[in-house]
Amino acid sequence: MPLVEHLRELRNRVAKAMLAVVLASVVAAFFSQQLMDFLSSPVPKCPPGTSIADNTGGRCVVIAYQTVLSPFTSTVKVVMLAGLLAASPVWLYQLWAFVAPGLHKSEKRYTYYFAAVAVPLFAAGAYVAYLIMPVSVKVLISITPDVASNFVSLDDILDFTTRMVLVFGVAFELPLLLIMLNIAGVVTGKRMAGWWRGVIMGVFVFGAVATPSTDPFGMIALSGPMIVLYFIAVGVSILNDRRRARNNPDAELDDDEASSLDLTPEAVGAVEPVGATRGALPEQSSGQADGGRALGPGSYDDVT
């Protein structure tokens, strides 16, 4: 298709994706209260009627709105996020339908594998984040001195929950990225196995910096599964390298690296006797060689 047709198709697919998100958001608006309760459930909320004196020392949190527009903006944010997630099959399909015609059959196959593994890994990371959030929040509010109380905005809780889910979900995609690099021939499993010291150090640093909660429990909860998934990716890559080596022994060679050749000399067999050819030359057929010398049977002339 010409460029204008591609742009027109892109416009149509974006419009369909946005329509699906809007419709899903409208449906989610009827369940906004349940969604907000679900997202704020990891926070230990103070029971109704709790006074400021009873809320000192970080025992619980009072969820409050700090501005007049905060209830509206928080509800819109939650509804749009729920609509984006609920409509993800539609807009992901629209994205795939736009890109797929330009891919080869093998590229489509790898894309199917990538999607089939990426979605469960992201969901597992989000689930782990949701499990550790109550512990992380309790650790953070426990630092509150006895003379202070915790009044937290619902927007801050939603931002904290969203960042935890995104960080854990993306971090759990690390093994998939390594395996894809191995399949593409960029890095071998043996080389990845040699990085284990630096990877462990880097994963713990990433866990300390990336997690919104600065408590060590959140860092360990993120770093531990990442390290396990890293070694699983190394094992899968090593198995893939062995399969590739069986199919093609020269698969791991660089473009400018010569393949190994067997230069061992072979033994020379015994010399085979060769009989004289009679009548092959004019001189032999006439029985005379150069100079008029007679040629007998089995003799050779100068040419021979």
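The values are calculated or read from the model by the stated rules, or taken from the named source; none is laboratory data. Just so we're clear, the structure is a prediction, and the values are computed from it rather than from any experiment. Every residue, glycine as well, gets a Cβ built from its backbone with ideal geometry; the counts of neighbours run over all protein chains shown. Remember, those area values only see protein heavy atoms, side chains included, never the ligands or the DNA or RNA. Shrake-Rupley method; radii C 1.70, N 1.55, O 1.52, S 1.80 Å.
Scanning the stretch 97-106 for any residue that is more than 20 Å from Phe160 (Cβ to Cβ), open to solvent by less than 80 Å² (accessible area, probe 1.4 Å) and in contact (Cβ under 8 Å) with a residue 12 or more places away in the chain turns up at least one such residue. Restricting attention to the stretch 189-245, the residues that are over 30 Å from Ser142 (Cβ atoms) and outside any helix (DSSP H, G or I) add up to 2.
Within the stretch 154-177, residues that are touching a residue at least 12 places away in the same chain (Cβ under 8 Å) and aromatic (Phe, Trp, Tyr) sit with their Cβ atoms under 9 Å from residues that are in a helix (DSSP H, G or I) and open to solvent by 50 Å² or more (accessible area, probe 1.4 Å), at 6+ positions apart or across chains, in these pairs: Phe168/Phe122; Phe168/Tyr127; Phe168/Tyr130; Phe172/Phe122; Phe172/Ala123.
The set of residues from the stretch 180-194 being touching a residue at least 60 places away in the same chain (Cβ under 8 Å) and aliphatic (A, V, I, L, M) comprises Met180, Ile183. Residues that are among the acidic types (Asp, Glu), over 23 Å from Ala208 (Cβ atoms) and exposed (fewer than 15 other Cβ atoms within 10 Å of the Cβ) within the stretch 113-164 comprise just one, Asp146. Does the stretch 171-209 hold any residues that are hydrophobic (A, V, I, L, M, F, W, C), surrounded by 19 or more Cβ atoms within 10 Å (Cβ to Cβ) and over 20 Å from Arg243 (Cβ atoms), and which are they? If the condition is that a residue be hydrophobic (A, V, I, L, M, F, W, C), surrounded by 19 or more Cβ atoms within 10 Å (Cβ to Cβ) and over 20 Å from Arg243 (Cβ atoms), then Ala171, Phe172, Leu174, Val199, Val203 are the ones that fit. How about the stretch 103-184: which helices (runs of 4 or more DSSP H) wholly inside it have at least 1 residues that are over 21 Å from Ser74 (Cβ atoms) and charged (D, E, K, R)? By residue number, 105-141.
Of the residues making up the stretch 64-96, just one is open to solvent by less than 60 Å² (accessible area, probe 1.4 Å), more than 33 Å from the chain's Cα centre (by Cα) and hydrophobic (A, V, I, L, M, F, W, C), namely Ala64. Which pairs do you get when a residue that is without any contact (Cβ under 8 Å) to a residue 24 or more places away in the chain and open to solvent by less than 20 Å² (accessible area, probe 1.4 Å), found in the stretch 218-243, comes within reach of a residue that is assigned to a helix (DSSP H, G or I) and β-branched (Val, Ile, Thr), reach meaning Cβ atoms under 8 angstrom, with the pair 6+ apart or on two chains? Once the first residue is without any contact (Cβ under 8 Å) to a residue 24 or more places away in the chain and open to solvent by less than 20 Å² (accessible area, probe 1.4 Å) and sits in the stretch 218-243, its partners that are assigned to a helix (DSSP H, G or I) and β-branched (Val, Ile, Thr) give Ser223/Val203.
Scanning the stretch 1-38 for residues that are open to solvent by less than 70 Å² (accessible area, probe 1.4 Å) and acidic (Asp, Glu) gives a single hit, Glu9.
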